[in-house]
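Report on one structure; see the data block that follows.
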Amino acid sequence: MTGLSRLAGIMAVLFLPSCALLAQAGDPFPAIPPTVLPVADQEIRTSDDPMATRLFRTTSVRTQIQLSGFWDFLPDPRGQGEADRYFDRFPKPETRMWVPGTWNTYARYWHYEGPAWFRRTFPTPAEGRLRLRFAAVFYRAKVWLDGKFLGSHEGGYTPFSFVEANLGKGEHELVVLADNTLDDESIPKSGVDWFPYGGIYRPVYAELVPDVFIEDFHVMASVASGTNANLRVRAFLRNFSATDREEQVTFEVNGRLLFSEKLKLSGRDPEVSFSVPLADARFWSPGSPFLYTARLHLPQAGDDQYTRFGVRSFALDGPRIRLNGEPFKVEGANRHDDHPDWGPALPPHMIRQDIEILKRMGANAVRSHYPTDEMFMDYCDENGLVFLAEVPAWQNLPEQLAKEVVQDKIKAQFREMVYRDMNHPSVMAWSLGNEWPEFEKSHNVIKSLIEYARSVDNSHFITFVTGGARTGPISALLDLICTNWAQYLWYDPFTSLDLQEAEKAISKLNRIHDSFPDKAVLITELGAAESQAGWHNWGNVKWSEEYQARNVSDSARYSLDRDWIAGGLVWQFSDTRSSPSRFLAGRLRGWNAKGVVDGYRSPKMAFYKLQELFHDFQASEARPRKATEDTGDRTGRLASER
Ligand code: ADA
């Protein structure tokens with residue numbers, strides 16, 4: 001035995017028993033976590049989609065050209081690039097930047113908000129019609145191909161595309177102007193509580209398309225009776241030939257031909273729709289997330305597109321949500337596309353890691369303030385995570401909502417979100433926005449936005465989210481009442497948990513149910529409290545992991561224990577970078593540290609508390625209930641007593 005190993009032996013004898021004693025006493029150290037979080041393996045599924053955008057191949061006939069990679073980059077703080085025609089003669093770039101990515105993770109551009117130019121060249125293998133598809137650019141984009149202006153897009157989370165006919169074979173130059181400046185009329189507005197990461201931060205690719213091609217298609221599955229489903233297919237086509245024409249349209253599900261007919265196409269953007277039955281459907285649910293693959297094919301024109309869909313039904317039964325007829329309690333987290341090193345452009349294996357962490361936490365649902373990464377949505381479908389999708393209209397004031405230009409932007413972003421995410425069976429509800437203060441003053445505007453939303457899609461729940469357990473007459477028009485609530489308020493002067501304040505918060509929440517006893521109330525943000533990962537304070541003092549864990553677990557327990565609460569989503573999944581203007585507003589060095597895991601996904605105490613609660617709840621749900629419990633709430637009060 002060497003001197004060193006002997007010393008180690010003595011230390012072990014002296015030290016280990018005292019550790020065991022502390023652990024036995026239960027407090028003050030947290031129990032050893034029941035699970036260890038996964039380290040995502042590197043084997044990722046992007047090979048299924050060579051464009052690395054989705055988890056499946058979207059076409060089997062189009063020639064596609066990957067445009068991710070290094071691009072020339074030049075910020076333009078004085079906004080002179082358009083006048084100086086950078087799209088004709090790109091000046092000397094300042095650096096090369098990886099796409100998909102954001103300039104705000106580069107030290108040099110850490111705080112940069114403004115216009116910036118990107119440029120790259122690429123070869124086309126043949127002459128033809130080129131479609132360029134951007135999955136998202138934050139927040140405004142203008143695009144030029146070989147010096148020619150193709151168009152612009154506003155809205156930082158939804159895809160857009162341009163088509164250029166008769167492009168010659170060979171090298172082409174693509175120039176993009178991206179601008180992440182937010183203002184009072186942008187959606188989200190400036191000062192929003194997440195970082196406005198600028199750039200081409202989601203994948204971009206080009207593809208050769210024929211004269212007539214498929215821009216997109218929706219498959220809306222509804223349950224007809226028993227296991228028989230009905231599929232309503234809507235195809236959005238483009239016709240670049242000179243005339244109206246007839247096209248053979250075929251539709252296959254899992255390789256089985258369900259529809260084949262010649263359909264008349266009129267105009268430049270013809271839309272065709274048809275319905276087909278799907279017998280003996282397998283249902284999609286969190287426990288069994290079964291997915292179908294559909295292919296729409298134009299054999300004459302020589303084009304096709306694939307999508308995936310699921311057969312499931314969400315319904316409301318008084319204050320309960322039912323999924324495929326069974327009661328469904330929402331348990332999950334709010335998540336931003338955000339990482340300290342990658343910003344919103346998480347690589348695929350890290351997106352998958354987030355899904356695995358959420359599953360291990362026991363979550364069955366996720367909410368995002370904006371349309372999240374398409375690959376994340378695909379993983380939700382595959383892993384049975386229900387999704388609440390939202391327009392990033394965050395804390396808009398009545399004066400802002402009153403402006404037509406703002407309403408139009410909300411509508412445009414709503415439509416783009418719905419059109420992009422319609423086919424995901426994971427999507428349960430569309431939210432028009434979050435925490436509009438004094439929302440009562442905007443009654444008519446909100447009413448007309450709800451009407452608009454229903455005219456775009458009436459197959460999902462429509463809602464918007466209020467802050468601090470508030471409700472009003474407009475709630476009667478919503479399918480779900482969604483509110484953000486915590487048992488102990490973070491933004492109050494107390495430095496530790498205040499039980500009297502908790503009573504007030506609870507009675508405010510109960511007032512919603514008293515006013516709308518037959519409506520489902522969902523706590524869309526639950527238990528928000530910041531903590532410095534790794535800092536413990538046994539007196540539950542603010543910023544400690546203990547304070548956060550207590551707020552999260554008390555708020556979550558409250559919602560799990562009541563049948564009239566349709567569920568809760570913790571605020572928030574991971575620590576995220578906040579707006580520059582919030583740097584000093586109760587933030588941890590500019591970060592919103594209310595994550596149950598930190599920015600690098602290390603779990604905090606709140607994570608394990610939530611995991612325990614979710615797992616206990618699921619185990620108790622799995623046990624058969626007594627007849628009285630079926631109508632009463634879980635605190636023992638019967639329906640008749642409420
Ligand atoms: C609100 C808001 C979130 C976040 C949170 C917080 O609930 O919806 O986006 O800002 O407050 O951290 O205070």
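The values are calculated or read from the model by the stated rules, or taken from the named source; none is laboratory data. Remember, it's a predicted structure, so these values are computed and weren't measured experimentally. Cβ atoms come from the backbone with ideal geometry, glycine included; neighbour counts cover every protein chain shown.
Overview of results
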{"item": "Subset of the stretch 533-553 (residues that are outside any loop (DSSP other than H, G, I, E, B) and more than 16 Å from the ligand (Cβ to nearest atom))", "result": "Val541, Glu545, Glu546, Ala549, Arg550, Ser553"}
{"item": "Residue check for Gly267: within 16 Å of the ligand (Cβ to nearest atom) and either small (Gly, Ala, Ser) or not in a loop (DSSP other than H, G, I, E, B) (or both)", "result": "no"}
{"item": "Test set (1) at positive phi; (2) polar (S, T, N, Q); (3) more than 33 Å from the chain's Cα centre (by Cα) - Asn254 fails condition number", "result": "(3)"}
{"item": "Of all residues making up the stretch 589-621, the number that are away from the ligand (no atom under 16 Å from the Cβ) and under 15 Å from His536 (Cβ atoms)", "result": "6"}
{"item": "Scope the stretch 351-362; condition assigned to a helix (DSSP H, G or I), touching a residue at least 40 places away in the same chain (Cβ under 8 Å) and either touching a helix residue (DSSP H, G or I) at 6+ places or on another chain (Cβ under 7 Å) or farther than 21 Å from Gly101 by Cβ (or both); matching residues", "result": "Arg352, Glu356, Ile357, Leu358, Arg360, Met361"}
{"item": "Matching residues, the stretch 554-588, being more than 11 Å from the ligand (Cβ to nearest atom), assigned to a loop (DSSP other than H, G, I, E, B) and over 17 Å from the mean Cα position of the chain (by Cα)", "result": "Asp561, Arg562, Asp563, Trp564, Phe583, Leu584"}
{"item": "Residues of the stretch 605-641 satisfying the condition of being surrounded by 10 or more Cβ atoms within 10 Å (Cβ to Cβ), modelled with pLDDT of 50 or more and not in a helix (DSSP H, G or I)", "result": "Arg625"}
{"item": "The stretch 521-532 - residue that is touching a helix residue (DSSP H, G or I) at 6+ places or on another chain (Cβ under 6 Å) and in a loop (DSSP other than H, G, I, E, B) and, of those, farthest from the ligand (Cβ to nearest atom)", "result": "Gly527"}
{"item": "Counted residues, the stretch 379-428 - those being small (Gly, Ala, Ser), more than 16 Å from the ligand (Cβ to nearest atom) and in contact with a strand residue (DSSP E or B) (Cβ under 9 Å, 6 or more places away or on another chain)", "result": "3"}
{"item": "Qualifying residues in the stretch 560-578 (those that are small (Gly, Ala, Ser) and at pLDDT 95 or above) - the one surrounded by the most Cβ atoms within 10 Å (Cβ to Cβ)", "result": "Gly568"}
{"item": "Of all residues making up the stretch 124-144, the number that are assigned to a strand (DSSP E or B), of a type outside the set (D, E, K, R) and within 25 Å of Glu113 (Cα to Cα)", "result": "5"}
{"item": "Single residue of the stretch 318-350 satisfying the filter (within 16 Å of the ligand (Cβ to nearest atom) and either of a type outside the set (A, V, I, L, M) or in a loop (DSSP other than H, G, I, E, B) (or both)) that is surrounded by the most Cβ atoms within 10 Å (Cβ to Cβ)", "result": "Pro344"}
{"item": "All positions within the stretch 106-121 that are buried (at least 16 other Cβ atoms within 10 Å of the Cβ) and closer than 23 Å to Gln66 by Cα", "result": "Ala116, Trp117, Phe118, Arg119, Arg120"}
{"item": "From Val249, Val253, residue being surrounded by 11 or more Cβ atoms within 10 Å (Cβ to Cβ) and more than 30 Å from Gly325 (Cα to Cα)", "result": "Val249"}
{"item": "Filter result (more than 28 Å from the chain's Cα centre (by Cα) and within 16 Å of the ligand (Cβ to nearest atom)) within the stretch 506-517", "result": "Lys508"}
{"item": "Any hit, the stretch 509-521, residues being without any contact (Cβ under 8 Å) to a residue 40 or more places away in the chain and closer than 29 Å to Asp479 by Cα", "result": "yes"}
{"item": "Any hit, the stretch 545-552, residues being at pLDDT 95 or above and within 17 Å of Leu358 (Cβ to Cβ)", "result": "yes"}
{"item": "Total residues in the stretch 432-490, condition surrounded by 20 or more Cβ atoms within 10 Å (Cβ to Cβ), part of a helix (DSSP H, G or I) and either within 16 Å of the ligand (Cβ to nearest atom) or among the polar types (S, T, N, Q) (or both)", "result": "3"}
{"item": "Pairs with Cβ under 7 Å, 6+ apart, first in the stretch 525-536 and farther than 25 Å from Trp394 by Cα, second part of a loop (DSSP other than H, G, I, E, B) and within 16 Å of the ligand (Cβ to nearest atom)", "result": "Gln532/Ala593; Ala533/Asp598; Ala533/Lys604"}
{"item": "Flag for Ala165 being surrounded by fewer than 18 Cβ atoms within 10 Å (Cβ to Cβ) and either of a type in the set (A, V, I, L, M) or part of a loop (DSSP other than H, G, I, E, B) (or both)", "result": "yes"}
{"item": "Flag if Phe259 is surrounded by fewer than 18 Cβ atoms within 10 Å (Cβ to Cβ) and either under 30 Å from Phe118 (Cβ atoms) or of a type in the set (S, T, N, Q) (or both)", "result": "no"}
{"item": "Selected residue [away from the ligand (no atom under 16 Å from the Cβ) and free of Cβ contacts under 8 Å to residues at least 24 places away in the same chain] from Ala315, Ala365", "result": "Ala315"}
{"item": "All strands (runs of 3 or more DSSP E) inside the stretch 170-258 with 1 or more residues being within 30 Å of Phe290 (Cα to Cα) and in contact with a strand residue (DSSP E or B) (Cβ under 9 Å, 6 or more places away or on another chain)", "result": "204-209, 212-225, 228-239, 245-253"}
{"item": "Residues being more than 14 Å from the ligand (Cβ to nearest atom) and aromatic (Phe, Trp, Tyr) - total across the stretch 180-198", "result": "1"}
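Yes/no per residue for (1) more than 30 Å from Thr293 (Cα to Cα); (2) hydrophobic (A, V, I, L, M, F, W, C); (3) buried (at least 16 other Cβ atoms within 10 Å of the Cβ); (4) at pLDDT below 95:
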position	(1), (2), (3), (4)
Cys19	yes, yes, no, yes
Phe29	yes, yes, no, yes
Thr46	no, no, yes, yes
Pro50	no, no, no, yes
Trp71	yes, yes, yes, no
Phe90	yes, yes, yes, no
Met97	yes, yes, yes, no
Trp103	yes, yes, yes, no
